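Peer 1: The structure that follows is given in the form of structure tokens.
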């Protein structure tokens, strides 16, 4: 966990470039056909259950089995590797980049993710706090709850199989919760963000500073409150 | 007090030899029935029978802990049975009615599975129960995703899988909880229209011992299938994890049997992660993916895929 934070440097970075650059790679081997060009705007999934797919990005065909890959985030296509059009690519090959305009909440989360210990989802599944942790959160709030390595904190639910997830990481309090019970989380995505209790004031300072500097930080044209 | 239902590993082995294996041999779909049964044969190698207990899952956890405290390990495949459960519960801490006459218990399985088999493990319970129930003549029994077994819309069997890490050695186990209504014909008012017993369905009492043996034999088979398919996966050159559909791929034998026994595909359903507390949306089921996830089409024409949750037929 970062001891000292250079606020000016971090905020300056977001001020000069308030975007996230999301690299989209080949999901598996196959022949690729792009559905976007540089400068195209793309939408993220929408609908009440996020069931309406985002904008088509490319189609990848393996053994006569085409798979359409859609955008998971909104933004503008900043680069496309057009030289790969119609070519066979390996899994993991970078294909294009989406320039995603950051919202205030995302800037805060982005900074926090640099200073929190992020506990990742072991599998794509649905997650909920264990009964004991849930009742303690309901009673006193997450930020009063200290977790240490070996604690059973979260239950992973996959195909009606409930698996307790044991915390592995630094001892600290649960500052951020990144999952919603009943909503699937992809493997590797953070479930919770943990910080040492003595770092809580520092975290609060980050949030206050970003909120205070938000209007100065982001050019009006890029301003997206939520 | 001595348990009423007391199947033994020997009687299970005899049933496997005389009935299960010959029956499976008749189906050309299965390439190596002997091998499949060998893979699953640890199920029921130890069978504990109790007249009464709190929760079978808790008993299983304690059983594992007790063994570790004396420097040993619980035998994988241990079956714990009880004539009645006093504090049984289903998912989301729902109460589960478990009086004398039903089949209540838990199987302890060491986690030796690869990810795909681990994901499909809950399906094995529903398939085994449905096969055992149909074998006795309840031909209308069907599996509802993930693994509920229903007869004419009423639940005859419910299952829950919980994983457990042992406190001393850190071994991972799967606890396969099962509750099957056999001769218990009286249900609390809240369950009266939702649950049914096998004896009510057949119109005659069922020999609980024989049903237990049949169910465990089918668990041996279906767990064996998971292990057999793991072996096959090692020789295949595709990753099931990134395959959106199974075009050009041979179906997993357990999924194939699940499809044969399930009436979920094509049904209009209400979906919810916890359907009793928070039903979410209505959709039509259009398929099941190689990883067991259910594929549905919403009214707006979009497709949605769920890896967890519950369905209610509409």
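Peer 1: Restricting to the stretch A:42-74, name every residue that is assigned to a strand (DSSP E or B) and at positive phi.
Peer 2: In the first step, residues of the stretch A:42-74 are kept if they are assigned to a strand (DSSP E or B); the result is A:42, A:46, A:52, A:56-62, A:65-70.
Once the filter is applied, which keeps residues that are assigned to a strand (DSSP E or B) and at positive phi, the stretch A:42-74 yields nothing.
Peer 1: Taking the stretch A:30-49, which residues are surrounded by 15 or more Cβ atoms within 10 Å (Cβ to Cβ) and facing chain B (nearest Cβ under 10 Å)?
Peer 2: Selection gives A:45, A:49.
Peer 1: Conditions: (1) modelled with pLDDT of 90 or more; (2) outside any strand (DSSP E or B); (3) over 28 Å from residue A:14 (Cα atoms). Residue A:156 meets all but one. Number of the miss?
Peer 2: Single failed check for residue A:156: (2).
Peer 1: Considering only the stretch B:81-113, state which residues are within 14 Å of another protein chain (Cβ to nearest Cβ), closer than 18 Å to residue B:219 by Cα and either part of a loop (DSSP other than H, G, I, E, B) or over 17 Å from the mean Cα position of the chain (by Cα) (or both).
Peer 2: B:111, B:113 - these are the residues of the stretch B:81-113 that are within 14 Å of another protein chain (Cβ to nearest Cβ), closer than 18 Å to residue B:219 by Cα and either part of a loop (DSSP other than H, G, I, E, B) or over 17 Å from the mean Cα position of the chain (by Cα) (or both).
Peer 1: When the residues of the stretch A:172-214 are filtered to those that are within 12 Å of chain B (Cβ to nearest Cβ) and surrounded by fewer than 17 Cβ atoms within 10 Å (Cβ to Cβ), which remaining residue is farthest from the chain's Cα centre (by Cα)?
Peer 2: Looking at residues that are within 12 Å of chain B (Cβ to nearest Cβ) and surrounded by fewer than 17 Cβ atoms within 10 Å (Cβ to Cβ), I get A:181.
Peer 1: Which residues, counting only those in the stretch B:17-51, are at pLDDT 95 or above and not in a helix (DSSP H, G or I)?
Peer 2: The answer is B:41, B:42, B:43, B:44, B:45, B:46, B:47, B:48, B:49, B:50, B:51.
Peer 1: So in the stretch B:281-306, with the set limited to residues that are part of a loop (DSSP other than H, G, I, E, B) and in contact (Cβ under 8 Å) with a residue 24 or more places away in the chain, which one is nearest to residue A:186 (Cα to Cα)? Steps first, answer last, please.
Peer 2: Restricting attention to the stretch B:281-306, the residues satisfying the condition of being part of a loop (DSSP other than H, G, I, E, B) are B:289-293, B:299-302.
Those left that are additionally in contact (Cβ under 8 Å) with a residue 24 or more places away in the chain: B:289-292.
Numbers: B:289: 17, B:290: 17, B:291: 15, B:292: 16 Å.
Filtering the stretch B:281-306 for residues that are part of a loop (DSSP other than H, G, I, E, B) and in contact (Cβ under 8 Å) with a residue 24 or more places away in the chain, the one nearest to residue A:186 (Cα to Cα) comes out as B:291.
Peer 1: Report yes if some residue within the stretch A:150-171 is surrounded by fewer than 22 Cβ atoms within 10 Å (Cβ to Cβ), within 24 Å of residue B:162 (Cβ to Cβ), free of Cβ contacts under 8 Å to residues at least 12 places away in the same chain and within 21 Å of the chain's Cα centre (by Cα); otherwise report no.
Peer 2: no
Peer 1: Also: Going residue by residue through the stretch B:183-197, is there one that turns out to be touching a helix residue (DSSP H, G or I) at 6+ places or on another chain (Cβ under 6 Å), away from chain A (no Cβ under 14 Å) and not in a helix (DSSP H, G or I)?
Peer 2: At the first step, the residues of the stretch B:183-197 found to be touching a helix residue (DSSP H, G or I) at 6+ places or on another chain (Cβ under 6 Å) are B:183, B:185.
Within this subset, residues satisfying the condition of being away from chain A (no Cβ under 14 Å) are B:183, B:185.
Applying the additional criterion that residues be not in a helix (DSSP H, G or I) yields B:183, B:185.
Within the stretch B:183-197, one or more residues are touching a helix residue (DSSP H, G or I) at 6+ places or on another chain (Cβ under 6 Å), away from chain A (no Cβ under 14 Å) and not in a helix (DSSP H, G or I).
Peer 1: Determine whether residue B:14 is modelled with pLDDT of 95 or more, in the same structural domain as residue B:196 (by TED's automatic domain parsing) and in contact with a helix residue (DSSP H, G or I) (Cβ under 8 Å, 6 or more places away or on another chain).
Peer 2: Working: modelled with pLDDT of 95 or more: yes; in the same structural domain as residue B:196 (by TED's automatic domain parsing): yes; in contact with a helix residue (DSSP H, G or I) (Cβ under 8 Å, 6 or more places away or on another chain): no.
When the stated conditions are applied, residue B:14 does not pass them.
Rundown of residues vs (1) touching a residue at least 60 places away in the same chain (Cβ under 8 Å); (2) over 30 Å from residue A:194 (Cβ atoms); (3) surrounded by 13 or more Cβ atoms within 10 Å (Cβ to Cβ), yes/no style:
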position	(1), (2), (3)
A:65	no, yes, yes
A:68	no, yes, yes
A:76	no, yes, yes
A:92	yes, no, no
A:104	yes, no, yes
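The values are calculated or read from the model by the stated rules, or taken from the named source; none is laboratory data. Note that this is a predicted model, so its numbers are computed, not measured. Note that we place each Cβ from the backbone using ideal geometry, even for glycine, and neighbour counts take in every protein chain shown.
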